[in-house]
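The values are calculated or read from the model by the stated rules, or taken from the named source; none is laboratory data. Here the structure is a predicted model, which is why all the values come from computation and not from measurement. Here the Cβ is made from the backbone with ideal geometry for all residues, glycine too, and neighbour counts use every protein chain on show. The accessibility values were calculated without ligands, DNA or RNA, using every heavy atom of the protein model including side chains. Shrake-Rupley method; radii C 1.70, N 1.55, O 1.52, S 1.80 Å.
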Amino acid sequence: MMDNVMESGNVGRTFPNNMRSNKKPSSSSLPMVFRVVMRMNVRLLFVFLLFSFGALFYVGASTSPIIVFVFSVCILSFLVAIYLTKWVLSKDEGPPEMIDISDAIRDGAEGFFKTQYGSISKMALLLALLIFAIYIFRPQQDSSTLGTFTTASITVFSFLLGAVCSGMAGYVGMWVSVRANVRVSSAARRSAREALQIAVRAGGFSALVVVGMAVLGVAILYATFYVCLGVDSPGSIKVTDLPLLLVGYGFGASFVALFAQLGGGIYTKAADVGADLVGKVEQGIPEDDPRNPAVIADLVGDNVGDCAARGADLFESIAAEIISAMILGGTMARRCKIEDPSGFILFPLVIHSFDLIVSSVGIFSIRGTRDPGVIGVMEDPMTILQKGYSVTILLAVLTFGLSTRWMLYTEQAPSAWLNFALCGLVGIMTAYIFVWITQYYTDYKHEPVRKLALSSSTGHGTNIIAGISLGLESTALPVIVISISIVSAFWLGQTSGLVDEAGNPTGGLFGTAVATMGMLSTAAYVLTMDMFGPIADNAGGIVEMSQQPESVREITDVLDAAGNTTKATTKGFAIGSAALASFLLFSAYMDEVASFAHTSFTQVDIAIPEVFVGGLLGSMLIFLFSAWACAAVGRTAQEVVNEVRRQFIERPGIMDYKEKPDYGRCVAIVASASLREMIKPGALAVLSPIFIGILFRVLGYYTGHPLLGAKVVAAMLMFATVSGILMALFLNTAGGAWDNAKKYIETGALGGKGSDSHKAAITGDTVGDPFKDTAGPSLHVLIKMLATITLVMAPIFL
């Protein structure tokens, strides 16, 4: 009956059937590793997997029972992800017009992914050669028993593996989104709750795979190096030094995530801005209207920018946090002469293994309604998602406490585990507060966004002023929360009772590491909420393009508004975790410099002019990077605007559904421009710390200050981290608030769609697009990449 209503509602409002594309996505768009697996004989594949699992568990058992536990949980999480995939793909794709639109989105997304990651892989190979050359000619550490060639090979291998895994994480995020979007659209015709459940479970699949890959990748590297290098055997490397060999893995993940976020962000926001400016403002047609030539490019952008890039981003966040915490755990265990340091080193892997378990429970706690016929008013999606998050948080607190007692108990300080459990609680509370703060500033149920919407009633200028002031104000509370959490965790760690040979407390930095782990102990569920956003956005676009009844569009609009909030909250969460992780990596960098320089390196004096200049350059880097990222969106959007205007002029029948827009032309423009534009800011981020470090190293050589290069880079890293956190908070929150102010007006407030207030809100949303989806997300990746690149390149600064 509903299908009949839909068909009757579509009469005269859609393009003729023979004008739709029937092209199916090609398997050639898949990454090579997936194509190889798909072509393998089933029996051969089974034997290969059996052999791989056997080798995996043999290496794990030869390392530690803890590694076996981590391997087991990761594999179980992959099985749960496969179940979620089958469940999502079992849902119907709706009528043919929905399938046609979904196929076009899938083609565009997979084609761009293949081209983009082809470019990134070439740059990664060049950088790998540079790293190898640096490690071949770097000075040798006194404590190192590995040759320079072995160390160089290990670092390069880790870098390339991290890059490959980060790319695969991005592909997984995109793969599920381009298949779930149409199923959410179809479910919205029957039940709002069913549509919500499909979007959440699709996001859950991506989250479990991404987090599981990050944990499994680090665990495999650690176990492999442990066995192959004969760790702790006479004349070999010590287990407390082993985590330093994993730094390349984090750098590779950061490198790919940065370019994925830049390219995807430029793509999605340039298409979005171009579509909105001409479609909504000039032509007065609804969002995602099929008459808009840029609408397919906009929907493709949701997948390559918000899904693929965010998958690589969170993969990098978890990998960097695990590795930095393992380094600090090993350093503390060595200084305290702890008999069995494996618990302190492997603790991060155990925490994220439990993250997979508790997040799975949270995902499955969101169920469909018993009445599948309900189409109308639905429960607030944010309330449902918050309930699932609360379940996940509660379980995370319990498992964190158990993990600290299991892994961090030592006879030298019997109560230390309790202090570290409290550090984890500080991190978990920080994550929850961060989510709440960002939701307060970006959800239209709260006062800040409603005030922003009200400012639209007096014009475009007042909307921009109100949005900028809101973004600036929103930096205060998160910074206070981060500051309190760092000091609290450091104090709890420092008073844990662990001391070095001289009796000095040594647990402070590890306490902050444990707090960071606590903040990321629900990362899989947070990524689920993040992936929910672009899937819901895509579903709304498919519903609008296929001209479904207004009741269906109302459901997807509610899901889309909730998705905007979840995307903003998870970005705030990512910034907070980036701040803590960068603090840990900075400490590891100083230890690494001290090890190579054979001298103490515990402080950076910014009263030294050159060091102060390094700090200024670090802050400048953040502003220049943000400017170039936003300018790239602006230039690409101008090309889209000109193309859309041209098509409306040359094809007047588009507005009457008599002529079909050339969607492919806008897709091609955005794809080529985004690949071109991502190079400049990306190169700035990668090359700046290397150039600055070498420049001041040379200056220090001629002025008699051998550590000047390392000190200047340390100052640059500190100032860049502080400036980057503030800038990212401002950009993400302001952009999210502008977006939801527009959504609030579209609910009927302040004149509703088409009113002057709505047009002013669209202007604000357009300004905020590159803020929240290009420059902002790229910044917190940049912060962590700067920390990992300085750690990897530390020898050339001496």
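Mean Kyte-Doolittle of at least 1.0 plus a Cα span of 24 Å or more along the axis: flag which DSSP H helices in the chain meet both, please.
Qualifying helices: 42-63, 65-89, 148-188, 192-228, 342-364, 416-442, 476-494, 679-703, 776-792.
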Burial ranking of peptide ranges 78-91, 104-117 (average Cβ count within 10 Å, highest at the top): 104-117, 78-91
Determine Rg/Rh for the stretch 43-87; Rg is computed over alpha-carbon atoms and Rh is the Kirkwood hydrodynamic estimate from the same atoms. 1.07
Simple SL model, points at 7 angstrom along Cα→Cβ for Ser483 and Ser121; separation in nm is 4.7
Net charge near Ser119, counting Lys/Arg +1 and Asp/Glu -1 over other residues with Cβ under 15 Å of its Cβ? +3
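Stretch Phe612-Ser469 to full length: gain in nm at 0.36 nm per residue minus the Cα-Cα span?
Details: separation 143, 0.36 × 143 = 51.48 nm, distance 2.96 nm.
The Phe612-Ser469 span can extend by a further 48.5 nm.
Rounded, prolate or oblate for the stretch 181-303? Axes are the square roots of the Cα gyration tensor eigenvalues, ordered a ≥ b ≥ c, and the cut-off for rounded is a/c under 1.5.
Details: a/c = 6.37, a/b = 2.29, b/c = 2.78.
Judged from the Cα gyration tensor, the stretch 181-303 comes out oblate (a/c at least 1.5, b/c at or above a/b).
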Rounding to the nearest 20 debye, state how big the charge dipole of the chain is about its Cα centre with +1 on each Lys and Arg Cβ and -1 on each Asp and Glu Cβ. 940
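In whole percent, how big is the carbon plus sulfur part of the accessible area of the chain, probe 1.4 Å, protein atoms only? It would help to have the intermediate numbers written out before the result.
Values: 18400 of 27980 Å².
About 66 percent, which is the carbon plus sulfur part of the accessible surface.
Ignoring everything except DSSP H segments at least 4 long, calculate the 222 nm mean residue ellipticity for the chain; use -39,500 (n - 2.57) per segment, divide by total residues, nearest 500.
On the way: 25 runs with 602 residues, N = 798.
Counting only the DSSP helices, I get -26500 deg cm²/dmol.
Determine the gain in length on full extension of the stretch Ala668-Ser600; use 0.36 nm per residue of separation and subtract their C-alpha separation, reporting nm with one decimal.
On the way: separation 68, 0.36 × 68 = 24.48 nm, distance 5.45 nm.
Additional length available on full extension: 19.0 nm.
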Of the listed links Lys660/Lys759; Lys658/Lys772; Lys114/Lys445; Lys114/Lys658, those spanning more than 29 angstrom between alpha carbons are Lys658/Lys772; Lys114/Lys445; Lys114/Lys658
Partner lysines whose C-alpha sits under 29 Å from that of Lys238, ignoring same-chain residues fewer than 8 away, are Lys337, Lys711, Lys784
Arg405 to Ser52: extension gain in nm, 0.36 nm per residue of separation minus the Cα-Cα distance? 123.8 nm
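Around Leu585, with a cut-off of 15 angstrom between Cβ atoms, what is the net charge of the other residues, counting Lys and Arg +1 and Asp and Glu -1?
Working: positive: Lys784; negative: Glu316, Glu321, Asp591, Glu592.
Result for the neighbourhood of Leu585: -3.
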Tell me the volume per residue, in Å³, of the convex hull enclosing the alpha carbons of the stretch 151-228. 65
Sort 400-408, 528-536, 568-576 by packing, meaning the average of other beta carbons within 10 Å per residue, with the highest value first. 528-536, 568-576, 400-408
Accessible surface, per residue, of the stretch 589-693 when the full set of protein chains is kept, probe 1.4 Å, Å²: 45
Between the modelled labels at His705 and Thr150 (7 Å from Cα along Cα→Cβ) the distance in nm is 3.8
Using a 1.4 angstrom probe, figure out how much accessible area the stretch 202-284 has per residue, in square angstrom, rounded to the nearest whole. 19
Rounded to the nearest 10 Å², the accessible area of Glu554 using a 1.4 Å probe with every protein chain kept is 100
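Please state, rounded to one decimal and in Å, the Kirkwood hydrodynamic radius that the stretch 673-798 gives when every pair of distinct Cα atoms enters the mean of 1/r.
On the way: mean 1/r = 0.0586 Å⁻¹.
Taking every pair of different Cα atoms in the stretch 673-798, averaging 1/r and inverting gives 17.1 Å.
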Where only alpha carbons of the stretch 385-453 are counted, the Rg and the Dmax (Å): 17.2, 59
Using a/c under 1.5 as the rounded threshold, could you call the chain rounded, prolate or oblate? The axes a ≥ b ≥ c are square roots of the C-alpha gyration tensor eigenvalues, and prolate needs a/b larger than b/c, oblate otherwise. prolate
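How would the stretch 714-769 be classified by its alpha-carbon gyration tensor: rounded, prolate or oblate, with rounded meaning a/c under 1.5 and the a/b versus b/c comparison settling the rest? Spell out each step's value before the answer.
Details: a/c = 6.66, a/b = 4.12, b/c = 1.62.
The shape class here is prolate.
Among the listed pairs Lys280/Lys753; Lys122/Lys567; Lys387/Lys567, which have their C-alpha atoms separated by more than 19 angstrom in this model?
From the list (Lys280/Lys753; Lys122/Lys567; Lys387/Lys567), the Cα-Cα distance tops 19 Å for Lys122/Lys567.
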With DNA, RNA and ligands ignored, accessible area of Leu126 (1.4 Å probe; Å², nearest 10): 120
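Using the Kirkwood radius over Cα pairs, work out the Stokes-Einstein diffusion coefficient for the stretch 341-489 at 37 °C and 0.692 mPa s, in µm²/s as a whole number.
On the way: Rh = 18.7 Å.
My calculation gives 176 µm²/s for D.
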